[in-house]
Amino acid sequence: MRKTIGVLILLGLALPALAADKPVYKWNAANELYVLLPTPQNLYLKSSRATEIVHPLGLGLRAVGNGELFGRTGGLQVQLVKTAHNGSFWLLDFLAGVEYVTPKTEGRPLRFTVAALGDLGLADTNFYLAPILSAGLIYTTDQAADTPVGLTLNLFWRPSGIDIPDAGGGRDATLKPVLGVKLGYIFEGFWSVK
């Protein structure tokens with residue numbers, strides 16, 4: 001009983017401190033809507049030991065952060081891969097990592113970005129993990145905005161392969177490492193904590 005009364009007294013003393021005004025931290029997230037351009041990739045077919053060239057096409061949405069120096073980033077992307085034998089499969093990727101954006105400078109609309117991401121993906125029923133490194137440019141159309149707003153062009157590199165259990169027609173395959181291109185647009189975020 002004494003402990004309960006002691007806890008209630010401490011809570012009563014702490015309530016004014018909890019109700020006091022506190023500094024507000026604000027994170028203005030920007031979002032990037034982008035297209036993965038159909039750059040050629042090697043698809044190694046395990047059963048026939050042959051390599052086929054595929055051109056995956058993808059679409060993604062990514063939270064960019066506040067656009068100042070280092071910031072967290074994450075997103076979701078979907079890719080469709082069509083094979084030569086009328087087969088196709090989907091890749092669903094959850095991305096998370098850190099991105100560096102050069103500081104905004106008055107009168108200079110181009111900003112440089114570098115990112116390191118982890119990719120937790122799903123190909124058919126097969127989970128995979130892959131690192132992704134990215135470098136690119138942002139052409140800021142609104143330099144007064146808190147977050148970077150404008151067109152983006154990025155080169156990305158996935159250094160590891162992805163095992164695909166059914167690459168069309170019941171064939172097991174591996175999607176080899178790739179150097180790709182994505183084109184997007186960054187716009188102000190859906191949310192802002194004030």
Working from the pairwise distances between different alpha carbons, so that the mean of 1/r is found and then inverted, what is the range 35-124's Kirkwood radius in Å?
-> 15.4
Principal axis box of the range 88-143, alpha-carbon based, largest edge first, Å | 49, 21, 13
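Each reported figure results from applying straightforward, stated rules to the coordinates on display, with no laboratory input. Nothing here was measured: the structure is a model prediction, and the numbers come from that model.
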